[in-house]
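K.L.:
Supplied in structure tokens, the structure appears directly below.
The numbers here are math on the coordinates, done by the rules we state, and not lab data. Bear in mind the structure is a predicted one, so any value in this text is a computation, not a measurement. Counting neighbours? That spans all protein chains shown, and the Cβs are built from the backbone with ideal geometry, glycine included.
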Amino acid sequence: MNIAIAGSGALGCGFGYMLQKNGQNVTLLDYWEDHIEAIRNNGLTVSVNGVKGTLPMTIARPEEVSGEKDVIFVFTKAMGLEKMMTQINHLIGTKTKIVCLLNGLGHLKTLEAFVDRRNIIMGTTVWTAGIIAPGEIQLNGNGPVELQNSHPEEEEAARVIVNILKDSGLFGEYSKNVKYTTWRKACINGTMNALCALLDASIDQLFKSPSIDSLLNGIVDEFAAVAKAQDDIEIDRDEMIHYLKEVASRLGSHYPSMHQDLFNRRPTEIDYLNGAVVEAAEKYGIEAPHCRRMTDLIHAKEAVLGIE
Ligand code: NAD
């Protein structure tokens, strides 16, 4: 298959590498000059669960590429999605499937401004990836990547992509309720990630805090109320907190991505997590004081650090 990765940072390169290694024809798309140059000169080096490999890979700015792609995985940060969609418009044909695994809420609406819902496959992943240096990435975990068609008649198309991910060692799974999975992931990011970023704490430090239960209860209740009002998704608070604690116990001394964003002086995705909950809560007349305060504090922290 002719696959493009629109936004080839940590996760985009990790996926691109695995797909190309397993026989797909992958083009990486990006604008980061040093990264493009490094991959063009030395190939893409990816360490997958500690096993390092290097592959020659095609990387280009979107405007340097032509021809409609079969599948495009979007892997920008949430705030870069809309712009990237305008930049890859010429690569999208009537049959091109767009696969979105971004963290956060509201991406289906953004994509629908550019692509028919029939061609949008939404999903989540618990793979983790990081950039070691331009052209060098680490990818960790064992999936899954859960995907579902956004249009009820496109299940077969979603299953084809799930199988490609399975064959590439990325542990694709067909989801019967990707909206729930998306909310569950947003809950993790909106609690664990945002609190670790605010407190400059690792996950195990955060979960040792005496006020952790009160903080989690407050935030999860707001996510649950908005998930119900907006998407008719039921989130059971106790079940979610149990899940959060179980994920936290596995991640231990890890610093989540929002903490790393601040550390690297890069904007966070808070507006697509707690900020999105606040925006929707207003629409449905729901109080969301925890999410509002966290969004304000993260933006204050970005400003203190000089991040624009
Ligand atoms: P990323 O920051 O690594 O890459 C996103 C974009 O930023 C890419 O275009 C990349 O080239 C560019 N970029 C990165 N570092 C740069 C630098 N120093 N200078 C210039 N440009 C730079 O993002 P990601 O971690 O791959 O995440 C993509 C999406 O996937 C996000 O929505 C994220 O929340 C989600 N996600 C990430 C992970 C993870 O572990 N990385 C896991 C699950 C979901």
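K.L.:
Which parts of region 72-97 would a label at D116 reach, counting a residue when its backbone N lies under 13 Å from a point 7 Å out along Cα-to-Cβ?
P.N.:
Residues passing the 13 Å test: 93-97.
K.L.:
Can I ask one more? Can you compute the FRET efficiency between K228 and H299 using 1/(1 + (r/R0)^6), with r the Cβ-Cβ distance and R0 = 22 Å? Round to the nearest 0.05.
P.N.:
The computed FRET efficiency comes out at 0.25.
K.L.:
Further question on the same structure: Helix by helix through the chain, keep the DSSP H runs that span 20 Å or more along the axis on Cα and average at least -1.0 on Kyte-Doolittle, and give those back in order. If you can, show how the numbers build up before the last one.
P.N.:
Working: long enough: 212-231 (27 Å, 0.45); 237-251 (21 Å, -0.58); 289-304 (22 Å, -0.51).
TM-like helix candidates: 212-231, 237-251, 289-304.
K.L.:
With θ set to phi - 60°, apply the Karplus curve 6.51 cos²θ - 1.76 cosθ + 1.60 along region 95-107 and write out the HN-Hα couplings as whole Hz, x wherever there is a Gly or Pro.
P.N.:
Computed from phi, the couplings for region 95-107 are 10, 5, 8, 9, 10, 10, 10, 5, 6, x, 10, x, 6 Hz.
K.L.:
Given H placed 1.01 Å from N in the peptide plane, which residues other than close sequence neighbours of I233 have an amide H under 5 Å from its amide H?
P.N.:
Counting only residues 5 or more places away or on other chains, the set is K228.
K.L.:
Is it possible to state the helix-based mean residue ellipticity at 222 nm for the chain, with each DSSP H run of 4+ residues giving -39500 (n - 2.57), the sum divided by total residues, to the nearest 500 deg cm²/dmol? What is it?
P.N.:
-13500 deg cm²/dmol
K.L.:
Return the FRET efficiency for the residue pair R40, N142: r is the Cβ-Cβ distance, R0 is 25 Å, and the value is rounded to the nearest 0.05.
P.N.:
On the way: r = 31 Å, r/R0 = 1.22.
So the FRET efficiency works out to roughly 0.25.
K.L.:
Another question about this same structure. Report for region 1-149 the percent antiparallel among DSSP-assigned beta bridges with both residues inside it, nearest 5.
P.N.:
On the way: 15 of 38 bridges.
Antiparallel bridges: around 40 percent, rounded to the nearest 5.
K.L.:
Here's a follow-up. Beta carbons within 10 angstrom, averaged per residue: use that to sort the peptides 222-235, 198-211, 272-285, 246-259, highest first. Please list the in-between numbers first.
P.N.:
Working: 222-235: 18.5, 198-211: 14.6, 272-285: 20.4, 246-259: 16.4.
Result, highest mean first: 272-285, 222-235, 246-259, 198-211.
K.L.:
Taking amide hydrogens as modeled 1.01 Å from N in the peptide plane, which residues meet the under 5 Å criterion relative to N2, leaving out close sequence neighbours?
P.N.:
D70, V71
K.L.:
Pull out the extension gain between A60 and K109, defined as 0.36 nm times the separation in residues minus the alpha carbon to alpha carbon distance; nm, one decimal. Intermediate results must be reported in sequence, preceding the final value.
P.N.:
Numbers: separation 49, 0.36 × 49 = 17.64 nm, distance 2.71 nm.
Gain on extension, A60 to K109, equals 14.9 nm.
K.L.:
Sorted by average packing, counted as other Cβ atoms within 10 angstrom per residue and highest first, what order do 261-270, 61-70 take? Walk me through the numbers before you get to the answer.
P.N.:
Working: 261-270: 18.9, 61-70: 14.3.
Highest to lowest by the protection proxy: 261-270, 61-70.
K.L.:
Next question, about the same structure. Considering all alpha-carbon pairs of region 196-293, what whole percent are spaced by more than 20 angstrom?
P.N.:
Working: 2035 of 4753 pairs.
When all Cα pairs of region 196-293 are counted, 43 percent exceed 20 Å.
K.L.:
Pairs of lysines 8 or more apart, or on different chains, with alpha carbons under 22 Å: count those in region 57-176, would you?
P.N.:
For region 57-176, qualifying lysine pairs total 18.
K.L.:
Tally Lys/Arg at +1 and Asp/Glu at -1 over every other residue whose Cβ is under 14 Å from the Cβ of N41; what's the total? Write out the running numbers ahead of the final one.
P.N.:
Details: positive: R40; negative: E33, D34, E37, E136.
Value of the local net charge: -3.
K.L.:
Please list, in order along region 140-153, the HN-Hα scalar couplings obtained from phi with the Karplus expression 6.51 cos²θ - 1.76 cosθ + 1.60 (θ = phi - 60°), rounded to whole Hz, x for Gly and Pro.
P.N.:
10, x, 8, x, x, 10, 9, 10, 8, 5, 7, 10, x, 8
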